[in-house]
Amino acid sequence: ANSIIGGLADGPFDQVQVWTEVLQDNFLRFFDSGKLSFATATSIRFSPEGFEHFYAKWHDYKDRLLHRSKQVANSPEIIRRLGIIAMNTPLEVDIYAHANSTNALGSRMLNGTGGSADFLRNAKLSIMHTPSSRPTKTDPTGISCFVR
């Protein structure tokens, strides 16, 4: 969903609140646009430039950010009660709509075993979004995100 967050800074929505596992650089732009009023997350993973920006504008972010434990952030009951719109970017989707958002190449873990399943099962609305293909280091055309 972090890829979508960057676009929301230019979107028509105001006073957006986000309940997520990880805050990344795109959230800083969303905060700075004035459209993100509040965010809660279990962790922060900014680039070195993102951390510089974050600390430089700490006074703007400190009252609009809350750090929560995974037990609270991924709680199915809380997710249901809040009526969350869940967005997740899978690595691949098969023809039966089974989505893989964790394992790459069979056993290499790319995203960890977070709460994506908790969010998708318990949200008011669940959205899976992925490009049709992703470029690789050796092939700019890339590999398909849709598999048999």
Item to check | Amide hydrogen neighbours beyond the local backbone of GLU92, cut-off 5 Å, H modeled | outcome: ASN100
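In the chain, what percent of the accessible surface is made up of carbon and sulfur (1.4 Å probe, ligands and nucleic acids excluded)?
Numbers: 5190 of 9480 Å².
C and S fraction of accessible area: 55 percent.
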Next on the checklist: Placing +1 on the Cβ of each Lys and Arg and -1 on the Cβ of each Asp and Glu in the chain, which of TYR55, ASN88, GLN71 has its Cα farthest towards the positive end of the resulting dipole?
Outcome noted: GLN71
Checklist entry - If you take the beta carbon distance between ILE44 and THR141 as r and set R0 to 35 Å, what does 1/(1 + (r/R0)^6) give as a FRET efficiency, to the nearest 0.05? => result 0.55
Checklist entry - Long-range amide H contacts for SER133: which residues qualify at under 5 Å (H placed 1.01 Å from N, peptide plane, sequence gap of 5 or more or a different chain)? => result CYS145
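Hand me the trypsin sites (Lys or Arg not before Pro) from segment 7-68 located in a DSSP loop with no more than 14 other Cβ atoms within 10 Å, in residue order please.
Hits after loop and neighbour filter: ARG45, LYS57, LYS62, ARG64.
Run the helix sum for the chain: -39,500 (n - 2.57) per DSSP H stretch of 4+ residues, divided by residue count, reported at 222 nm to the nearest 500 deg cm²/dmol.
Value at 222 nm, helices only: -7500 deg cm²/dmol.
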Item to check | Label-point separation, SER69 to SER132 (7 Å along Cα→Cβ), nm | outcome: 4.6 nm
Next on the checklist: Cut-off under 28 Å on the C-alpha distance; same-chain residues fewer than 8 positions from LYS62 excluded. Which lysines are left, in chain and number order?
Outcome noted: LYS35, LYS70
Item to check | Per residue value of the accessible surface for the chain (all protein chains in place, 1.4 Å probe), Å² | outcome: 64 Å²
Checklist entry - Given H placed 1.01 Å from N in the peptide plane, which residues other than close sequence neighbours of ILE44 have an amide H under 5 Å from its amide H? => result LEU23
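The values are calculated or read from the model by the stated rules, or taken from the named source; none is laboratory data. Only a predicted model underlies this, so the values are computations on that prediction, with no experimental measurement involved. All Cβ positions, glycine included, derive from the backbone under ideal geometry; neighbour counts span all protein chains shown. Each accessible area value is taken on the protein alone, full model and side chains, heavy atoms only, with ligands, DNA and RNA left out. Shrake-Rupley method; radii C 1.70, N 1.55, O 1.52, S 1.80 Å.
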